[in-house]
Amino acid sequence: MENKRLYSPSYIKEILNRHDFRFTKSLGQNFLIDGNIVRGIVENSGITEEDYILEIGPGIGTLTEELSLNAKRVVAIEIDESLEPVLEETLGDKSNIDIVFGDILKVDLKEIIDEKLNGGPVKVVANLPYYITTPIIGRLLEEELPLESITVMVQKEVGDRIISGPGTKDYSSLSVFINFYTEPEIVLHVPKSVFMPQPRVDSAVVKLNIKKDLPDIDRVKFFKVVKASFAMRRKTLLNCLSSGEFEMDKGEIKNLLEEIQIDPGIRAERLKVEDFIKISENIE
Ligand code: SAM
């Protein structure tokens, strides 16, 4: 049965006061207070009753509860131990939820998935702490965990960067990184008024559908190429790649770009993921 109270602002205030909880701004604590958005995140994540879910940052458990009603099992990782008595009160009676207290950037995710989520496959669903959005997504994708999709609330600007393609102003190394591993889409636009306390920025929910067959390439070199190419946005690709990151000199890099039919005078923001792959397969 659904417990509507978990996203009621008066209930949240009451329970947090009773447990003497103070919001920690530096932990990105902006809790959801709108049931439609909570349901919208879960609906758009495409989860079924057979699914195993990893949530990051349950807060008082608002999204966690909705997930538990629609999935087989939910593991939620929360850094703030002062939320423990609150979560015990809000979710203590739910048998398909495990709360793990720890830092999402440090806990052993492989072990958690093996021991508590049936070894996967897992869908990640979360209202992320915005101060570590990129490191969290980076970790989830780079570690090649058995994940199917990642549906997360992010700052609107980050959502725009994630889904943007070549030639647009928001296209960045983050877009290339995400597009290498996933097919991203924005599934919800979210106003700042649905959070307590209210953040300064609007938000978006992005769904990252993880690709099954990734190209068999040297990823370290690939991301080195991407990073170097975007390091100086106003400079040409040739100048960016010749700034000392690689062993080849400028003339050699120019020749190789011409050989693989990429204009050395182009800017990185016009290149597709496949172009960066081609460069990384040829550059030394
Ligand atoms: N899911 C809740 C909701 O939607 O109302 C809370 C979301 S709030 C934006 C982010 C949550 O992430 C907070 O509960 C915060 O304490 C937690 N958090 C912050 N840094 C974390 C970290 N490094 N590891 C795990 N949780 C973290």
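Brief remarks follow.
- Against the test of being within 15 Å of Val194 (Cα to Cα), open to solvent by less than 40 Å² (accessible area, probe 1.4 Å) and either out of contact with any Ser or Thr (no Cβ under 7 Å at 6 or more places or on another chain) or within 12 Å of the ligand (Cβ to nearest atom) (or both), the options Gly57, Gly40, Gly61 yield a single qualifying residue, Gly40.
- Here the condition is being more than 20 Å from Gly159 (Cα to Cα) and out of contact with any Leu (no Cβ under 7 Å at 6 or more places or on another chain); of Ile97, Ile112, it holds for Ile112 alone.
- Of residues in region 1-15 being touching a helix residue (DSSP H, G or I) at 6+ places or on another chain (Cβ under 7 Å) and more than 9 Å from the ligand (Cβ to nearest atom), the one least open to solvent (accessible area, probe 1.4 Å): Ile15
- Residues being closer than 30 Å to Leu188 by Cβ and of a type in the set (Gly, Ala, Ser) - total across region 208-248: 0
- Test: Ile132 is assigned to a strand (DSSP E or B) and either within 19 Å of the chain's Cα centre (by Cα) or more than 10 Å from the ligand (Cβ to nearest atom) (or both): no
- Test: residue in region 85-99 that is open to solvent by less than 20 Å² (accessible area, probe 1.4 Å), touching a residue at least 24 places away in the same chain (Cβ under 8 Å), on the phi < 0 side of the Ramachandran plot and within 8 Å of the ligand (Cβ to nearest atom): no
- Residue match in region 148-159 (condition: under 24 Å from Arg233 (Cβ atoms), among the basic types (Lys, Arg) and either part of a strand (DSSP E or B) or within 16 Å of the ligand (Cβ to nearest atom) (or both)): yes
- Condition broken by Asp218, with the remaining ones in (1) touching a residue at least 40 places away in the same chain (Cβ under 8 Å); (2) more than 20 Å from the chain's Cα centre (by Cα); (3) buried (at least 19 other Cβ atoms within 10 Å of the Cβ) satisfied: (3)
- Residue-level analysis places Tyr52 among those that are touching a residue at least 24 places away in the same chain (Cβ under 8 Å) and under 20 Å from the mean Cα position of the chain (by Cα).
- Flag if Glu78 is more than 20 Å from the chain's Cα centre (by Cα), among the charged types (D, E, K, R) and at negative phi: no
- Ile113 being open to solvent by less than 10 Å² (accessible area, probe 1.4 Å) and either within 15 Å of the ligand (Cβ to nearest atom) or out of contact with any Asp or Glu (no Cβ under 8 Å at 6 or more places or on another chain) (or both): yes
- Residue that is within 12 Å of the ligand (Cβ to nearest atom) and of a type outside the set (A, V, I, L, M), where the choices are Gly35, Gly46: Gly35
- Of all residues in region 20-32, those satisfying the criterion of being more than 8 Å from the ligand (Cβ to nearest atom) and open to solvent by 40 Å² or more (accessible area, probe 1.4 Å) are Asp20, Arg22, Phe23, Lys25, Ser26.
- Phe246 under 15 Å from Asn179 (Cβ atoms), crowded, with 16+ Cβ neighbours inside 10 Å and not β-branched (Val, Ile, Thr): no
The values are calculated or read from the model by the stated rules, or taken from the named source; none is laboratory data. Remember, it's a predicted structure, so these values are computed and weren't measured experimentally. Counting neighbours? That spans all protein chains shown, and the Cβs are built from the backbone with ideal geometry, glycine included. Areas reflect the complete protein model, heavy atoms only, side chains present, ligands, DNA and RNA absent. Shrake-Rupley method; radii C 1.70, N 1.55, O 1.52, S 1.80 Å.
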